[in-house]
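Inspection log for the structure reproduced underneath, given as C-alpha cells.
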Amino acid sequence: MPVTGEALKSLSISSIAAIVRADWKNPYFGAVPYINSMLNIHTHKDEGFGFDMPNEQVIYFLSNASTYKGEQAREIKKELKRRIK
C-alpha cells in the first residue's frame, strides 16, 4: 500500500528516498545518483551534503524523475516540492 499524504509529511528525506528506491523498479539513470544522495539526508535541509545542499539534491532528483509514475510517485513528488519551497 502506498505511503501518501500526511504519512509522507512525517518522513525524513532519506526515508522517502528509500520508498522511491523500492517503488521505482527501473529508475531513469539520471535520477539514481540523487536517490542515492537523498538516502543520506538525515539532517536539517540547510546543512550541506557533499558539494550540494540537500535542497539542491531534491531539486535535481525531481528534474530527473519525470518517468517515475503512479500514485506513490505523484504523492512523493508533491511532498518533495512542498519541502523545497
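The values are calculated or read from the model by the stated rules, or taken from the named source; none is laboratory data. From a predicted model like this one, the values you see are computed outputs, not experimental measurements. Using ideal geometry, Cβ is built from the backbone for each residue, glycine included, and neighbour counts are taken over all protein chains shown.
Computed quantities for the displayed model
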| item | result |
| --- | --- |
| Single residue of the range 66-77 satisfying the filter (within 10 Å of the chain's Cα centre (by Cα) and in contact (Cβ under 8 Å) with a residue 40 or more places away in the chain) that is surrounded by the most Cβ atoms within 10 Å (Cβ to Cβ) | Ile76 |
| Residue that is modelled with the lowest pLDDT, among those in the range 45-85 that are within 11 Å of Ile13 (Cβ to Cβ) and of a type in the set (A, V, I, L, M, F, W, C) | Phe49 |
| Residue list for the range 1-44, restricted to those being at pLDDT below 95, among the hydrophobic types (A, V, I, L, M, F, W, C) and exposed (fewer than 13 other Cβ atoms within 10 Å of the Cβ) | Met1, Ala7 |
